[in-house]
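Trainee: If you scroll down you'll find the structure; I have some questions about it.
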Amino acid sequence: MESLFKPVVEGHHSRAQRIVAQLRRLMIEGKLKPGDRLPPERDLARQLNVSRTALREAVKILSAMGLLSIQQGRGVFVTEANMEALVGSVMDAMVIKEQEIFDLFELRKVLETQAVRWAAERASDQELEDIVRMTQEAEEKVVLNEVDQEFAGSHNLTFHLAIARAAKNSVLERTMEGFFDIFRELRTKTAAIPGRQALSVREHRQIAEALMVRDAERAAALILRHIEGVEAAMRATKGTKP
């Protein structure tokens, strides 16, 4: 029987991102249905012709988006996701002009500062512990000088979407998914700046620690500073003044 999964080919996106795109497409087409279990990690990585590390990052992203459920001891299952979550927002198809990039940054500052406030108030203790743990794991890689572009991109998406989910506002969560589909395209421009990836990881850890003690205003101030730093780095790569 022919496999549903096709080998991932080289392209502009990271392998994890291309795995995410393929699995989302299979869900949209109905070839992967709610309740279906993905093949074991080793087998699926072989069918996709990717490393198990890249596959794990893709599964984390899809789990953060609510499209996969990781069940310890049982496997990874497709969830009951609505079509909007699968396809993403209309922003997926936007052609972004330079000024629109910074308009999005402006809107992102408003949305994400409110998202962390809501997360500080509404998230379960387990959700906050999970956010702290993901930042600790990322920071360990910084210490070991193991932060690469693929990992940093996946961590960045997983971190910000985890906060959006913890805010318990479904519209905000879907909006942020659309934002990060766009920003993922742009991130390669700032990722090449020396020290930028490591700085982002450290800033994520500070935000997570503020959330852990439910300090909503500190978390909001930290994420605003983080977004402003990324925006400044983006402007620097384009030679654009504020």
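The values are calculated or read from the model by the stated rules, or taken from the named source; none is laboratory data. Computed from a prediction, not measured in an experiment: that's the story for all the values here. All Cβ positions, even for glycine, are placed from backbone atoms using ideal geometry, and neighbour counts span all protein chains on display.
Trainee: Can you pull out the residues in segment 66-83 that are modelled with pLDDT under 80 and either among the hydrophobic types (A, V, I, L, M, F, W, C) or within 14 Å of residue 25 (Cα to Cα) (or both)? Walk me through how you get there before you give the answer.
Mentor: Of all residues in segment 66-83, those modelled with pLDDT under 80 come to 80-83.
Passing the criteria: 81, 82, 83.
Trainee: Give all pairs with beta carbons closer than 7 Å in which a residue from segment 199-227 that is more than 15 Å from residue 164 (Cα to Cα) meets a residue that is not in a helix (DSSP H, G or I); count only pairs at least 6 apart in sequence or on separate chains.
Mentor: Within 7 Å, the pairs are 201/147.
Trainee: A further question follows. Kindly provide the set of residues from segment 136-152 that are buried (at least 17 other Cβ atoms within 10 Å of the Cβ) and either over 19 Å from residue 211 (Cβ atoms) or at pLDDT 95 or above (or both), ordered by number.
Mentor: So the first thing to find is which residues in segment 136-152 are buried (at least 17 other Cβ atoms within 10 Å of the Cβ), and the list is 138-139, 141-142, 147, 150-152.
Once the filter is applied, which keeps residues that are buried (at least 17 other Cβ atoms within 10 Å of the Cβ) and either over 19 Å from residue 211 (Cβ atoms) or at pLDDT 95 or above (or both), segment 136-152 yields 141, 142, 147, 150, 151, 152.
Trainee: Report whether or not residue 34 is closer than 24 Å to residue 74 by Cα and in a loop (DSSP other than H, G, I, E, B).
Mentor: Values: closer than 24 Å to residue 74 by Cα: yes; in a loop (DSSP other than H, G, I, E, B): yes.
When the stated conditions are applied, residue 34 passes them.
Trainee: Could we say that residue 132 is modelled with pLDDT of 95 or more, more than 14 Å from residue 216 (Cα to Cα) and not acidic (Asp, Glu) here? Don't jump to the end; show me each part of the working.
Mentor: Values: modelled with pLDDT of 95 or more: yes; more than 14 Å from residue 216 (Cα to Cα): yes; not acidic (Asp, Glu): yes.
In short, yes.
Trainee: Take the conditions free of Cβ contacts under 8 Å to residues at least 60 places away in the same chain, surrounded by 19 or more Cβ atoms within 10 Å (Cβ to Cβ) and of a type in the set (Phe, Trp, Tyr) and apply them to residue 77. Does it pass?
Mentor: Values: free of Cβ contacts under 8 Å to residues at least 60 places away in the same chain: yes; surrounded by 19 or more Cβ atoms within 10 Å (Cβ to Cβ): no; of a type in the set (Phe, Trp, Tyr): yes.
So residue 77 does not fit the description; no.
Trainee: Within segment 37-55, can you find the residues that are basic (Lys, Arg) and part of a helix (DSSP H, G or I)?
Mentor: Restricting attention to segment 37-55, the residues satisfying the condition of being basic (Lys, Arg) are 37, 42, 46, 52.
Listed by number, the residues that qualify are 42, 46, 52.
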